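Since the structure comes first, as structure tokens, the remarks are kept for the end.
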Amino acid sequence: MSNTIPGAAGELTQNFPEIWEAYSALGKATAEAGPLTDREKRLVKLALAVGIGSEGAVHSHTRRARAEGIEDAAVKQVALLAIGSCGLPRAVAAKTWIEDIK
């Protein structure tokens with residue numbers, strides 16, 4: 001997996017490195033704030049992306065989950081679990097976004 005950030009986010013990192021550094025530091029601090037495993041944290045982040053309906057974030061967290069060795073069945077289950085709390089249309093959309101990533 002590449003460390004290069006694509007699109008507008010990548011441009012922001014290049015044009016405003018101090019903002020990116022602060023954002024990254026916040027991410028590290030929040031990641032260390034509790035007892036969740038790395039696997040659990042990745043699945044929660046994917047679920048949050050599904051919940052807010054962010055296709056780009058679902059793609060990103062799906063890529064990261066797969067790169068971290070999280071099984072595809074667990075990643076897809078996140079979309080299915082969204083049916084109850086987010087509704088069928090959002091869950092189906094999320095499942096298709098997950099399946100976009102090969």
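The residue of the range 35-77 that is farthest from PRO6 (Cα to Cα), among those that are in a loop (DSSP other than H, G, I, E, B) and not charged (D, E, K, R), is PRO35. Against the criterion of being out of contact with any strand residue (DSSP E or B) (no Cβ under 6 Å at 6 or more places or on another chain), under 22 Å from THR13 (Cβ atoms), in the same structural domain as THR13 (by TED's automatic domain parsing) and surrounded by fewer than 19 Cβ atoms within 10 Å (Cβ to Cβ), ALA25 qualifies.
Restricting the range 31-57 to residues that are over 15 Å from the mean Cα position of the chain (by Cα) and over 28 Å from LEU88 (Cα atoms) leaves a set whose member that is surrounded by the fewest Cβ atoms within 10 Å (Cβ to Cβ) is PRO35.
List the pairs whose first member sits in the range 39-63 and is at positive phi, whose second member is at pLDDT 95 or above, and whose Cβ atoms are under 6 Å apart, counting only residues at least 6 apart or on separate chains? Pairs that qualify, where the first residue is at positive phi and the partner is at pLDDT 95 or above, are GLY53/ARG90. Of all positions in the range 78-89, none carries a residue that is over 15 Å from the mean Cα position of the chain (by Cα), assigned to a helix (DSSP H, G or I), at pLDDT below 95 and among the aliphatic types (A, V, I, L, M).
Scanning the range 5-34 for residues that are among the β-branched types (Val, Ile, Thr), assigned to a helix (DSSP H, G or I) and under 27 Å from ALA79 (Cβ atoms) returns a single hit, THR30. Taking (1) among the β-branched types (Val, Ile, Thr); (2) without any contact (Cβ under 8 Å) to a residue 24 or more places away in the chain; (3) closer than 26 Å to ARG90 by Cβ in turn, THR13 satisfies each apart from (3).
The values are calculated or read from the model by the stated rules, or taken from the named source; none is laboratory data. The structure presented is a predicted model; accordingly, all values stated were derived computationally and were not measured. Note: ideal-geometry Cβ built from the backbone for every residue, glycine included; neighbour counts use all protein chains shown.
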